[in-house]
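A.B. asks: Below you will find the structure I want to go over with you.
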Amino acid sequence: MSHNIRDTLSINPIFARPGEADLIIDRYSLPKESMLSETAYQIVHDESMLDGNARLNLATFVSTWMDERADKLYAEAYDKNAIDKDEYPQTAAIENYCWRILADLWNAPNPANSIGCSTTGSSEACMLGGLALKRRWQELRQKEGKSINKPNLIMSSAVQVCWEKFCNYFDVEPRYIPISLEHKVLDGHELAKYVDENTIGVVAILGVTYTGMYEPVEKISKALDEIQKETGFDIMIHVDGASGAMIAPFMQPNLVWDFRLPRVASINTSGHKYGLVYPGLGWIVWRDTSLLPESLIFKVSYLGGEMPTFALNFSRPGAQILLQYWAFLRYGYNGYKAVQGETMKVAQHLAKEIEKIGVFTLWNDASDIPVFAWMLNPDPDRSWTLYDLSDRLRMEGWQVPAYPMPEGLTNITVQRVVVRNGLSMDLAGRLIDDIRAQVIHLDTINSKAFSEPTAVFHH
């Protein structure tokens, strides 16, 4: 059987060490023999260094920088299992500190009567929020002697894919409200057409993944108030605040989107996004304990003591929980406001400079979260696209994605930048210089292609 050279791993000639000089390993089978620790380290290190530079990745929302004290704390807590609350009671206590802080930040009527937990990220948090909506709906319907066979969930067509997964995995009909140029986000328009007695809830996104725009939660809530007056349907909202729930309290404190609205049952956020923590952490908080059905909470005892748990994952790292509490202590309200404010300044500066180039139209201007998108102006003589520009920027080290908009606007392609803590104004200036240079390059290639005469061959 023939093997591709990439199927095997040869450690020569760099690692010509005693006993390893002629070692060749099948990449897809467990090696029979051990190797030196430093050799294994170097192999993995050399493979991973081929990845892109995380600081120049403007596609991801996930934090790529923390300071050295956080790195030290992280290293001290690698071995903590967050689920083992009996062995690590202080990590469990710190988890409770954090979600209580979030309940207060998000204006819960009585944070002491709220309930919340950490997760591996916002995707898991959204699943838990959706499950609570579904179970609450089921239990209310069963009390009334009604069918629980056809639950549905209302959301924008621009929703993050985790909500599609939720509906698929947990047998809920997704009802997508298409966005349009007139209604760029779910804003309550025509909501009544999608709602019925089987609607378990409405998802409102505070920071749409495609563009960073807020969906107006208060406006959606008012639309549901009107629906209840007409139909009697009392429908709750889950706010997917993966990004915006850690921006709005500091940058738009007067915006009403959170537990100030009685219809908001639960809110999630990503600690590892604008919570300023390394990857692997999300949070969800319910307004009060009545909104998280008791039937969803498991009590387990095999780790040393009985404890309640509500999670899709079980064993998982506890280090990020400690890092979140560190960040809350390190920054405080004013510190978060300063960091998010500077990040917003960089994003808004980038948006203005990109618009000045003259070939783009902004979809939004980073006035919600530090994220914005733009379109390429139509030009019948232009042969390059935003995908070409994305490829050219990748050659310079930048990851700036281009993609079609969701259902309703799939004919429109946008390019998006996510600005995070760690992207300085200086780096932003370098990005603008590279975008300008690549636009000139693509235009030049384009003009040459049109101006070169067609070759004529004579027989």
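The values are calculated or read from the model by the stated rules, or taken from the named source; none is laboratory data. Since the structure is predicted, the reported quantities are computational estimates derived from the model, not experimental observations. Counting neighbours? That spans all protein chains shown, and the Cβs are built from the backbone with ideal geometry, glycine included. Areas reflect the complete protein model, heavy atoms only, side chains present, ligands, DNA and RNA absent. Shrake-Rupley method; radii C 1.70, N 1.55, O 1.52, S 1.80 Å.
A.B. asks: Looking for whichever is more than 30 Å from P253 (Cβ to Cβ), within 28 Å of the chain's Cα centre (by Cα) and in a loop (DSSP other than H, G, I, E, B) here; the options are Y28, Y78. Which one fits?
C.D. replies: Being more than 30 Å from P253 (Cβ to Cβ), within 28 Å of the chain's Cα centre (by Cα) and in a loop (DSSP other than H, G, I, E, B) holds for just one of Y28, Y78, which is Y78.
A.B. asks: Criterion first (assigned to a strand (DSSP E or B), closer than 15 Å to W137 by Cβ and of a type outside the set (G, A, S)) does V195 satisfy it?
C.D. replies: no
A.B. asks: Also, quick follow-up: Just wondering, is there one or more residues in segment 48-59 that are on the phi < 0 side of the Ramachandran plot, buried (at least 18 other Cβ atoms within 10 Å of the Cβ) and in contact with a Phe, Trp or Tyr (Cβ under 7 Å, 6 or more places away or on another chain)?
C.D. replies: The answer is yes; a qualifying residue exists.
A.B. asks: If I filter segment 307-323 for residues that are open to solvent by less than 60 Å² (accessible area, probe 1.4 Å), of a type in the set (D, E, K, R) and modelled with pLDDT under 95, do I get at least one hit?
C.D. replies: Yes.
A.B. asks: Whether any residue in segment 257-268 is closer than 23 Å to I148 by Cβ and either open to solvent by 30 Å² or more (accessible area, probe 1.4 Å) or in a loop (DSSP other than H, G, I, E, B) (or both) is what I want to check.
C.D. replies: For segment 257-268, residues closer than 23 Å to I148 by Cβ and either open to solvent by 30 Å² or more (accessible area, probe 1.4 Å) or in a loop (DSSP other than H, G, I, E, B) (or both): present.
A.B. asks: I need the full set of residues from segment 207-239 which are closer than 23 Å to E407 by Cα and out of contact with any Gly (no Cβ under 8 Å at 6 or more places or on another chain), in order please.
C.D. replies: Within segment 207-239, V208, T209, Y210, T211, G212, E215, V217, V239 qualify.
A.B. asks: Using the structure shown, decide if D365 is open to solvent by 70 Å² or more (accessible area, probe 1.4 Å) and in contact (Cβ under 8 Å) with a residue 12 or more places away in the chain.
C.D. replies: On the way: open to solvent by 70 Å² or more (accessible area, probe 1.4 Å): yes; in contact (Cβ under 8 Å) with a residue 12 or more places away in the chain: yes.
Yes, satisfied.
A.B. asks: Separate question: Given the structure, is L292 in contact with a His (Cβ under 8 Å, 6 or more places away or on another chain) and either open to solvent by less than 10 Å² (accessible area, probe 1.4 Å) or under 21 Å from I94 (Cβ atoms) (or both)?
C.D. replies: Working: in contact with a His (Cβ under 8 Å, 6 or more places away or on another chain): no; either open to solvent by less than 10 Å² (accessible area, probe 1.4 Å) or under 21 Å from I94 (Cβ atoms) (or both): yes.
Taking the combined requirement at face value, the residue does not satisfy it.
A.B. asks: Just one of (1) of a type in the set (G, A, S); (2) touching a residue at least 12 places away in the same chain (Cβ under 8 Å); (3) part of a helix (DSSP H, G or I) trips up S290, so point out which.
C.D. replies: (2)
A.B. asks: So, one more: Can you name the residue in segment 184-208 that is more than 23 Å from A245 (Cβ to Cβ) and among the hydrophobic types (A, V, I, L, M, F, W, C) and is also least open to solvent (accessible area, probe 1.4 Å) among such residues?
C.D. replies: Here the residue is V195.
A.B. asks: Here's a follow-up. Determine which single condition Q415 fails, assuming it passes every other condition in (1) in contact (Cβ under 8 Å) with a residue 60 or more places away in the chain; (2) outside any helix (DSSP H, G or I); (3) surrounded by 16 or more Cβ atoms within 10 Å (Cβ to Cβ).
C.D. replies: Here Q415 meets the rest and fails (1).
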